[in-house]
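The structure appears right after this line, and notes come after that.
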Number of protein chains: 2
Amino acid sequence: MAQVLSDRRDVQFVLNEQLQIGDLCKSERYGDLNTKTFDLFMNEARALATKELLPTREESDRVGATWDDGNVTVPPSFHRAYKLFREGEWLTIADDIEVGGQGMPQVLAFASLELFAAANMAFSIYTMLGHGAGKLIEVYGSELQKKMFLGKVYSGEWGGTMCLTEPEAGSDVGALTTTAVKNEDGTYNITGNKIFISAADHDLVDNVVHPVLARIEGDPAGTSGISIFLVPKYWVNEDGTTGDYNNVYVDRIEEKMGIHASATCSVQFGAKGPCRGLLLGEERKGMRIMFHMMNEERLNVGVQGLGSASAAFLLALNYARERVQGKEILKSRDPEAKGATIINHPDVRRMLLQMKAYVEGLRSLNYYTGYCMDKVVTSESDEEKSLYQGIVDLLTPICKGYTTEKSVLVCNDAIQTYGGYGFTKEYPVEQLARDTKILTIYEGTTGIQAADLLGRKLGMQKGQVFMKFLEQINATIAKGKELEATKALAENLEKAVIKFSETAMSVGKAAASEKVLAAFGHATPFMEVMGDIVLGWMHLWRATVAAPMVEKGKKDLAFYKGQMETARYFINVMLPITFGKMDSILALDDAAVAIDDASFGG
Amino acid sequence: MAQVLSDRRDVQFVLNEQLQIGDLCKSERYGDLNTKTFDLFMNEARALATKELLPTREESDRVGATWDDGNVTVPPSFHRAYKLFREGEWLTIADDIEVGGQGMPQVLAFASLELFAAANMAFSIYTMLGHGAGKLIEVYGSELQKKMFLGKVYSGEWGGTMCLTEPEAGSDVGALTTTAVKNEDGTYNITGNKIFISAADHDLVDNVVHPVLARIEGDPAGTSGISIFLVPKYWVNEDGTTGDYNNVYVDRIEEKMGIHASATCSVQFGAKGPCRGLLLGEERKGMRIMFHMMNEERLNVGVQGLGSASAAFLLALNYARERVQGKEILKSRDPEAKGATIINHPDVRRMLLQMKAYVEGLRSLNYYTGYCMDKVVTSESDEEKSLYQGIVDLLTPICKGYTTEKSVLVCNDAIQTYGGYGFTKEYPVEQLARDTKILTIYEGTTGIQAADLLGRKLGMQKGQVFMKFLEQINATIAKGKELEATKALAENLEKAVIKFSETAMSVGKAAASEKVLAAFGHATPFMEVMGDIVLGWMHLWRATVAAPMVEKGKKDLAFYKGQMETARYFINVMLPITFGKMDSILALDDAAVAIDDASFGG
């Protein structure tokens, strides 16, 4: 049967040949594991995604989540899938065995999330948030809090959320108005309304633990006055048993363009009666603590984008191999010529190769970032830890912002490949496109990611992180130049990287000068450029691994040759456009900020 | 009240200041009209769109068209709107008064369709198809056929469709299998199944006249053997009265991503009993005849794209002017600073200016094409007629292919501007995005438009049409160089046009050589480049008109300055990227066609 989630061979290639994650097993942390365990793990993840999650995708869209007097019901098919998820400990893939995790590397958590999100993005949101809330408790909770919550959240018996957004506090979290008032018993009374809270109520779990950002009475305005609280739907006693309803009330769920089965809730804390919460970590450290979860979710959202792009590409590819329409161009005047499958038409082929180039480049990028997280944990030198942590921080906005934008593009091209059929609900690609669109918005819009990159990440450690990141790319270029088959590609990428470095310097300097507004007017294009460069790097890296295999004429020759052609396409056909994008940024034209408000018209 | 369909001032600018359509009134055809009549016409169109069509948009999506045993029902609100449409003769804006038309220029038909499509795209499909079918009858029908059908179709009493697509014949129309067998009375029995037929049945009309492509028994395979027939749902007697049900049966309508109120029908001809049709024009001329309608609809679809892009931009603009979120960057560290409306954030401003640049550039492009159609009709010299007809033919794939792709992009950016709210059904932009996606598919996908441009249009009259088109651009550049305020912009555009001419030559030559496959692998990027160049031209043209007004400091100064900033943005920020796209095409890398099928993976 044709693959419809992620390309098994390519996943193996990235894990075992490009990143060579088997090396992680040399560390103490992963010393008990080996590549066989990794393969087994991936097989199980694939089976779960294909056999259990994928069949829920259509119902997920057609039935969706429903609301009735404060209670949310998920599509019926979710229950079996969720039960299996819990049984297989799929919520806690990369967590320590001591806290109920599988103890696998993060890179495999990403590779499996890609499959789960490809199979059913809405479903994956429930498990992502459950895990994220658990991680906050694991990292910042008191011993008692861990005892009370962690086991049940990590096992999926209870759900979790992240409660930041309010009607007047979206991208600007600091504007929130939810309040916390300390009680004599040390708990806090929480009052406020949060919106756009995914999974805030649902019938997969007995209880939901909400990490809630709120301001303690008297604390300063803005982000520095924000604390974070654990607010369960049903109160949790110190012995871990559940008590009374805690007046966490979902007053509605949103009607949305996609991810219909993901309940996007408006949550009232304390409107129906007193609602208590427990302070997590220290007072006024709420933003820093929540950002731990935010960073995790941003990376997860990137992988969700990879998943839907991957599914859309494979579906389009399968369709293009089967659908007969028109004749091959070279036989267009031959009345005897048979109909051609549309994969033979150059424009369809261009779309497919572009989709492939994005999907595979993004796979390498997102897996690589997971691999860097593993290196932070397993590296023995502080210098190496710091190097890899820096790369993770630097790449987070790219993983989130660039992957999701390209995933929208790939889903769009998948619809184009299907033609009129792609626009109908008879085929799955239009749902993928609608589901995917949320990814460029939640956990910080593309614009927010771009501002994070330009305003914070680029200048980390006085630019040292960025320089070390470039060194990684240049190491691949050096290797690429040594091989006859990749020399020209490496030289082309090198030119692009030199110009990119100049672009980053220029826009980074401008952002710290009186030209700050003009610079931030180019923040999103700059993130786009950096994403292109990273993908060029990933494709060259792939080609340097594939080239010797092509030369040897080993088995899987078609696969390895495909790697070479894809690298050629990305570097020779797509990167020239990136040069144009860099020229555009380098000119630093300020039309967008200079134009008067009134001149926009309307 | 804020505008939400098309910017009245900008529409006036294009019509009266850029194109100066008042000059058309010097012709005999439009001698009785003047710019006041034109303004009055546009006011009425705007009122109809705003007051009558716009209120039907949401119901259009939520209720949609429904099917019951062969009969299609449109949303209830459509009936009043359609009645007003008929009463105002809005189906036949640019048609001769003698055949029931309003006798207005085509450019105004486009300007009003922009409004109608912006207000409710699904509704506009019904009227577009009714008109298109009428036009076929007007141009190719016998005197008797005109007497039988034309009045009722043009007045909207009866509906119309275009029946090309079959399950195995989509982009490849020549593969159709619907047959026609001649009866003794000169009629033909039609048998076959057409799919994706918009408006094939609905309760706005008493009868539907289907122009149907079919092959007469014994005629050759492929497009050269296709004839076209008028097949009414209820038979029409020679005296114009309707007779029996003609066995045109809609067996289902499609569930789709958007345009829910537009019934996309599967139509059986002759499955329920004999179904008769009348030959339209000569035998085996069906493709040529249908292409008359196809070209009309392609231009209309471009204008639909302009309409939804325009609506999405204005909605985003209004939202950005009202939504308060975060502080201005320059005050971000000032604790006393008030919240800023998001139009103040550079990245939001960039999105808005980019949307504005696309919408206004596309408005100029689509109106200009309508104006050229008017010049074909009104010009007195054959040379001029031929010049303008050539430009219309050349620009048709750009109007259709480029406008609709950019309209998808603009709707997407509108969602981004709204953030999380944009993804909900509480706001209209997600519907615009879903509705708009069909535009890149129906009436020939983007890839089909690109192939038409590269394979047919570029080389028309041995490239003479293309050369004359470049002359038009160069005339604007020459004018732009004369003005101090536009000199630099004109010089930048000139460089782009020189490189574009080289690119067109290169890819055009390749398409006629053994590199044909590689060339067609770059057809869509080439169309994209040509669209960029045309928009650069339109913006320079706008700037040359606006610059003297800015200098004079006349009223509407904000508007004219906005024109200058938008031109600056498009030419200085976006065209550099076009240079990169041209480099990519010029390299003519053939990776997309060279890669083996097996190397795509999957």
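Give the residue that is farthest from the other protein chains (Cβ to nearest Cβ), with candidates limited to residues of the range A:332-366 that are among the acidic types (D, E) and in contact with a helix residue (DSSP H, G or I) (Cβ under 7 Å, 6 or more places away or on another chain). Step through it out loud before you land on a result.
Just the residues of the range A:332-366 that are among the acidic types (D, E), to begin with: A:334, A:336, A:347, A:360.
Remaining after also requiring in contact with a helix residue (DSSP H, G or I) (Cβ under 7 Å, 6 or more places away or on another chain): A:347, A:360.
Working: A:D347: 4, A:E360: 8 Å.
Among those that are among the acidic types (D, E) and in contact with a helix residue (DSSP H, G or I) (Cβ under 7 Å, 6 or more places away or on another chain), it is A:E360.
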Quick one: in the range B:309-329, of everything that is within 32 Å of the chain's Cα centre (by Cα) and under 18 Å from A:D596 (Cβ atoms), which residue is farthest from the other protein chains (Cβ to nearest Cβ)? B:E322
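Considering only residues of the range B:243-262 that are in contact (Cβ under 8 Å) with a residue 12 or more places away in the chain and more than 13 Å from chain A (Cβ to nearest Cβ), which is farthest from B:V212 (Cα to Cα)? Let's see the steps before the verdict.
So the first thing to find is which residues in the range B:243-262 are in contact (Cβ under 8 Å) with a residue 12 or more places away in the chain, and the list is B:245-254, B:256-262.
Filter once more, keeping what is more than 13 Å from chain A (Cβ to nearest Cβ): B:245-251, B:261.
Numbers: B:Y245: 17, B:N246: 14, B:N247: 14, B:V248: 11, B:Y249: 14, B:V250: 14, B:D251: 17, B:A261: 23 Å.
By that ranking, first place goes to B:A261.
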Which residues, counting only those in the range B:149-183, are hydrophobic (A, V, I, L, M, F, W, C) and farther than 14 Å from B:L129 by Cα? B:F149, B:A169, B:V173, B:A175, B:L176, B:A180, B:V181
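Go through B:D185, B:D206, B:D172 for me and flag whichever is on the phi < 0 side of the Ramachandran plot, under 23 Å from the mean Cα position of the chain (by Cα), free of Cβ contacts under 8 Å to residues at least 60 places away in the same chain and surrounded by fewer than 21 Cβ atoms within 10 Å (Cβ to Cβ). Spell out how you get there, then give the answer.
Working: B:D185 fails: under 23 Å from the mean Cα position of the chain (by Cα); B:D206 fails: under 23 Å from the mean Cα position of the chain (by Cα).
The unique qualifying residue is B:D172.
Working carefully through the options B:V529, B:V550, B:V534, find the one that is more than 27 Å from the chain's Cα centre (by Cα), more than 7 Å from every other protein chain (Cβ to nearest Cβ) and among the β-branched types (V, I, T). Give the steps one after another, and end with the answer.
Values: B:V529 fails: more than 27 Å from the chain's Cα centre (by Cα); B:V534 fails: more than 27 Å from the chain's Cα centre (by Cα).
Answer to the selection: B:V550.
On the basis of being in a loop (DSSP other than H, G, I, E, B), of a type in the set (D, E, K, R), touching a residue at least 24 places away in the same chain (Cβ under 8 Å) and surrounded by 19 or more Cβ atoms within 10 Å (Cβ to Cβ), does B:D10 make the cut?
Spelling it out, it is not the case that B:D10 is in a loop (DSSP other than H, G, I, E, B), of a type in the set (D, E, K, R), touching a residue at least 24 places away in the same chain (Cβ under 8 Å) and surrounded by 19 or more Cβ atoms within 10 Å (Cβ to Cβ).
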Quick check: is even one residue across the range A:585-597 more than 7 Å from every other protein chain (Cβ to nearest Cβ), out of contact with any Lys or Arg (no Cβ under 8 Å at 6 or more places or on another chain) and in contact (Cβ under 8 Å) with a residue 24 or more places away in the chain? yes
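Report whether or not A:D556 is acidic (D, E) and facing another protein chain (nearest Cβ under 9 Å).
Numbers: acidic (D, E): yes; facing another protein chain (nearest Cβ under 9 Å): no.
Spelling it out, it is not the case that A:D556 is acidic (D, E) and facing another protein chain (nearest Cβ under 9 Å).
Return yes when A:T92 is modelled with pLDDT of 95 or more, over 26 Å from A:L150 (Cα atoms) and under 22 Å from the mean Cα position of the chain (by Cα) and no when it is not.
Working: modelled with pLDDT of 95 or more: yes; over 26 Å from A:L150 (Cα atoms): no; under 22 Å from the mean Cα position of the chain (by Cα): yes.
Judged against the criteria, A:T92 is not a match.
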Residues to consider are B:A49, B:A94, B:A109, B:A65; find the one that is over 29 Å from B:E254 (Cα atoms) and surrounded by 24 or more Cβ atoms within 10 Å (Cβ to Cβ). B:A109
Could you look through the range B:438-472, keep only residues that are among the basic types (K, R) and under 24 Å from B:V516 (Cα atoms), and pick out the one that is surrounded by the most Cβ atoms within 10 Å (Cβ to Cβ)? B:K457
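Within the bounds of the range B:369-389, is there any residue that is under 16 Å from the mean Cα position of the chain (by Cα) and either within 14 Å of another protein chain (Cβ to nearest Cβ) or more than 29 Å from B:M162 (Cα to Cα) (or both)? Quick ask: steps written out before the conclusion?
Within the range B:369-389, the subset under 16 Å from the mean Cα position of the chain (by Cα) is B:369-373.
Imposing the further condition that a residue be either within 14 Å of another protein chain (Cβ to nearest Cβ) or more than 29 Å from B:M162 (Cα to Cα) (or both) reduces the set to none.
No; the residues of the range B:369-389 include none that is under 16 Å from the mean Cα position of the chain (by Cα) and either within 14 Å of another protein chain (Cβ to nearest Cβ) or more than 29 Å from B:M162 (Cα to Cα) (or both).
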Cβ-Cβ under 9 Å pairs, at least 6 apart or on other chains, the range B:461-484 side assigned to a helix (DSSP H, G or I), far side exposed (fewer than 15 other Cβ atoms within 10 Å of the Cβ) and of a type in the set (D, E): B:I477/B:E491; B:G480/B:E491; B:K481/B:E491; B:E484/B:E551
Within the range A:239-250, does at least one residue satisfy the condition of being closer than 21 Å to A:A65 by Cα, surrounded by 20 or more Cβ atoms within 10 Å (Cβ to Cβ) and aliphatic (A, V, I, L, M)? yes
Given (1) of a type outside the set (S, T, N, Q); (2) in contact with a Gly (Cβ under 9 Å, 6 or more places away or on another chain); (3) more than 9 Å from chain B (Cβ to nearest Cβ), index of the condition A:G420 fails: (3)
Just checking, does the range B:258-265 include any residue being surrounded by fewer than 19 Cβ atoms within 10 Å (Cβ to Cβ) and at pLDDT 95 or above? no
Is it the case, given these coordinates, that A:I289 is surrounded by fewer than 24 Cβ atoms within 10 Å (Cβ to Cβ) and at the interface with another protein chain (Cβ under 9 Å from one of its Cβ atoms)? no
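Please tell me if B:A518 is within 13 Å of chain A (Cβ to nearest Cβ) and hydrophobic (A, V, I, L, M, F, W, C).
Numbers: within 13 Å of chain A (Cβ to nearest Cβ): yes; hydrophobic (A, V, I, L, M, F, W, C): yes.
Spelling it out, B:A518 is indeed within 13 Å of chain A (Cβ to nearest Cβ) and hydrophobic (A, V, I, L, M, F, W, C).
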In the set B:G326, B:G339, which member is farther than 19 Å from B:A433 by Cα, touching a strand residue (DSSP E or B) at 6+ places or on another chain (Cβ under 8 Å), part of a loop (DSSP other than H, G, I, E, B) and of a type outside the set (K, R)? B:G339
Selected residue [among the charged types (D, E, K, R), out of contact with any Cys (no Cβ under 8 Å at 6 or more places or on another chain) and within 30 Å of A:D435 (Cα to Cα)] from A:D219, A:D206, A:D201: A:D206
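Results for (1) at pLDDT 95 or above; (2) within 30 Å of A:A2 (Cβ to Cβ), shown as yes or no for each residue.
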| site | (1), (2) |
| --- | --- |
| B:V507 | yes, no |
| B:F520 | yes, yes |
| B:A523 | yes, yes |
| B:K554 | no, no |
| B:A587 | yes, no |
| B:V593 | yes, yes |
| B:F600 | yes, yes |
Got a number for residues in the range B:1-49 being touching a Leu at 6+ places or on another chain (Cβ under 9 Å) and either within 14 Å of chain A (Cβ to nearest Cβ) or aromatic (F, W, Y) (or both)? 10
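The values are calculated or read from the model by the stated rules, or taken from the named source; none is laboratory data. The structure displayed is predicted, hence computed values, not measured ones. Every residue, glycine as well, gets a Cβ built from its backbone with ideal geometry; the counts of neighbours run over all protein chains shown.
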